[in-house]
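J.: I'd like to ask some things about the structure below.
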Amino acid sequence: MAAKIKKGDTVVVLTGRDKGRSGEVIQMLPKENRAVVRGINLVKKHQKQTQSQEGGIISKEAAIQLSNIAVADANGKPTRVGFRILEDGRKVRFAKSTGDQIDG
């Protein structure tokens, strides 16, 4: 099955404490049905000191359910994603709200 959300997409959070905020997908976890989004769902993590990095409490992004995010269209608003077959046979994603093509 083709992915409606991919790494590098700009997404908008639909529910939760970060509702309305947007960010870039930096990692997809398709088996867990989750994604990691830059600057969204930040959690505090206690890090033990090692030779390469110092210890302390750090903030990092935690994974968020795919059902709680949507791809942002050209206007920055959430939109559903559809698929289209072009004349040359390529399958591309498009924003259902505007009809604009998402993939290059």
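What follows is calculated from the coordinates using simple rules that are stated; it is not laboratory data. Just so it is clear, the model here is predicted, and its values are computed rather than measured. Here the Cβ is made from the backbone with ideal geometry for all residues, glycine too, and neighbour counts use every protein chain on show.
J.: Count neighbours as other Cβ atoms within 10 Å of each site's Cβ, and list the GluC sites (Glu not before Pro) in the stretch 1-81 that are DSSP loop with at most 10 such neighbours.
T.: Answer in residue order: Glu32, Glu54.
J.: Identify which of Asn75, Asn41, Asn33 has the largest mean-square fluctuation in a Gaussian network model of the chain, with springs joining Cα atoms closer than 10 Å.
T.: For the chain, modelled as a Gaussian network with Cα springs under 10 Å, the answer is Asn75.
J.: Still on this structure: Among Asp103, Asp9, which comes first, second and so on when ranked by fewest other beta-carbon atoms within 10 Å?
T.: By the 10 Å Cβ count, ascending, the order reads Asp103, Asp9.
J.: Given 0.36 nm per residue, what is the gain on full extension from Arg21 to Lys4 after removing their alpha carbon distance, in nm?
T.: 4.2 nm
J.: Calculate the FRET efficiency for Arg80 and Ser59 from the Cβ-Cβ distance with a Förster distance of 30 Å, rounded to the nearest 0.05.
T.: With R0 = 30 Å, the Cβ-Cβ based efficiency is 0.45.
J.: Further, regarding this structure: So what's Rg/Rh here for the chain, counting alpha carbon atoms and using the Kirkwood radius for Rh?
T.: In the chain, Rg relative to Rh is 1.09.
J.: Just name one of Gly39, Ser67, Gln51: the one whose Cα is farthest towards the positive end of the charge dipole of the stretch 10-73 (beta-carbon charges, Lys/Arg +1, Asp/Glu -1).
T.: Gln51
J.: Shifting gears a bit: Placing +1 at every Lys and Arg Cβ and -1 at every Asp and Glu Cβ, with all other atoms neutral, what dipole size does the stretch 10-73 have around its Cα centre, in debye to the nearest 20?
T.: Dipole of the stretch 10-73, to the nearest 20 debye: 240 debye.
J.: Want the number for Asn33 to Lys48: 0.36 nm per residue separation, take away the alpha-carbon distance, what's left?
T.: Additional length available on full extension: 2.5 nm.
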